[in-house]
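**Q** One structure follows; several queries about it will come next.
Bear in mind that the values in this text are calculations on the coordinates, not laboratory data. Just so you know, these numbers come straight off a predicted model, no measurement behind them.
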Amino acid sequence: MNYSTIEGCIRQSTNNPIVNNTIQLQTKNVYGNTLTYVVSNHSQAIQHLTKKKTIDSVDIQALRDLGFRIVHN
C-alpha cells in the first residue's frame, strides 16, 4: 500500500497527541497553476514533513483519513 509523506511520518511517530484537528488551507493561483498552502498552525510541521510549502490532493486525503478536518479559506 502506498502512503503519502505526511501519513507515513504520522504513522511512524504517534507519540505526540493531536490537539487541534482542524487544518486550514488556502488555494492560490500562481502563473496559471493552482497551489494549496496550509495556513493554520500546522503549516510549519507539515512543511517539515513534506519538505515543500504546498500540499497536494493525496496529502489532503491522507490527513482526512487520519481524522483531521480540512477547511478551505
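**Q** How much length, in nm to one decimal, is gained on full extension between Gln61 and Asn41, taken as 0.36 nm per residue of separation minus their Cα-Cα distance?
**A** Working: separation 20, 0.36 × 20 = 7.20 nm, distance 1.87 nm.
The Gln61-Asn41 span can extend by a further 5.3 nm.
**Q** Okay, moving on. So how much slack lies between Thr27 and His48, counting 0.36 nm per residue of separation and subtracting their Cα-Cα distance, in nm?
**A** Taking 0.36 nm per residue and subtracting the Cα distance, the gain is 5.6 nm.
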